[in-house]
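Take a look at the structure set out below.
The values are calculated or read from the model by the stated rules, or taken from the named source; none is laboratory data. Keep in mind it's a predicted model, so treat the numbers as computed, not measured. Don't worry about glycine lacking a Cβ; one is built from the backbone with ideal geometry, like all the others, and counts go over all protein chains shown. In case anyone asks, the SASA skips ligands and DNA or RNA and just uses the protein heavy atoms, side chains included. Shrake-Rupley method; radii C 1.70, N 1.55, O 1.52, S 1.80 Å.
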Amino acid sequence: EEGLSPPASVFHALMGSFGLLRRPDLAHSWMKKMKTTFGIRHTTVTYGAWALALARSGDFHKADKVVASMPSVGLTPDAACFTPLILYPNSSLPLTQQANLADHWLNKMQKLKFKMPREVYT
């Protein structure tokens, strides 16, 4: 309906799904529309969803860059952006590589001295 604006969570779910399709470009496009078309402010969850789309599509280096770029837009990486990267790895990778990537993101969180959410450990 005209005049209705979807909540940010809809955009975040959509962005993560594009990673499964190996289309992080579409995730980024919706991230832009979220702000420009709907006026929804980007948060750490937004950047986490974009990083997740990149990681799911296999571009772990760019996912790292997205997280590292957050301070330049006034955001501090937090558990909201790291947790999806740990919980939802690229399932097309061998399990050992998935575990190594989860360890990579956990180590980044620890370096930033985050208290880990309980879900990360289960």
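Things to note:
- Amide H partners (placed H, <5 Å) of PHE114, local residues excluded: none
- Point-charge dipole on Cβ atoms (K/R +1, D/E -1) for region 17-117, about Cα centre, debye to 20: 260
- Cut-off 13 Å between beta-carbons: net charge of the residues surrounding ASP64, Lys and Arg +1, Asp and Glu -1: +3
- Choice from LYS111, LYS62, LYS35 showing the highest fluctuation, given a GNM over the chain with Cα pairs closer than 10 Å: LYS111
- Counting only alpha carbon atoms, the long axis of helix 95-111 and the longest principal axis of the chain meet at about 80°.
- Once the Cα atoms are used to define both axes, helix 44-56 deviates from the longest principal axis of the chain by about 60 degrees.
- For the chain, modelled as a GNM whose springs connect Cα atoms under 10 angstrom apart, the maximal fluctuation among ARG22, ARG41, ARG56 occurs at ARG41.
- Sorted into 5 angstrom bins from 0, the C-alpha pair distances of region 1-62 split as 4, 22, 31, 22, 12, 6, 2, 1 percent.
- The magnitude of the dipole of region 12-56, with charges of +1 and -1 set on the Cβ of Lys/Arg and Asp/Glu and taken from the Cα centre, is near 60 debye.
- Of the residues HIS42, HIS104, the one with the largest accessible area comes first in the ranking HIS104, HIS42, computed with a 1.4 Å probe on protein heavy atoms.
- Axis of helix 8-20 versus longest Cα principal axis of the chain: the two differ by about 50°, to the nearest ten degrees.
- At most 16 other Cβ within 10 Å, DSSP loop - chymotrypsin sites (Phe, Trp or Tyr not before Pro), region 1-98: PHE38
- Taken along the Cα-to-beta-carbon direction at a fixed 7 Å, the label points for ASP25 and THR43 span 3.0 nm.
- In the chain, the inverse of the mean reciprocal separation of distinct Cα atoms equals 14.6 Å; this is its Kirkwood hydrodynamic radius.
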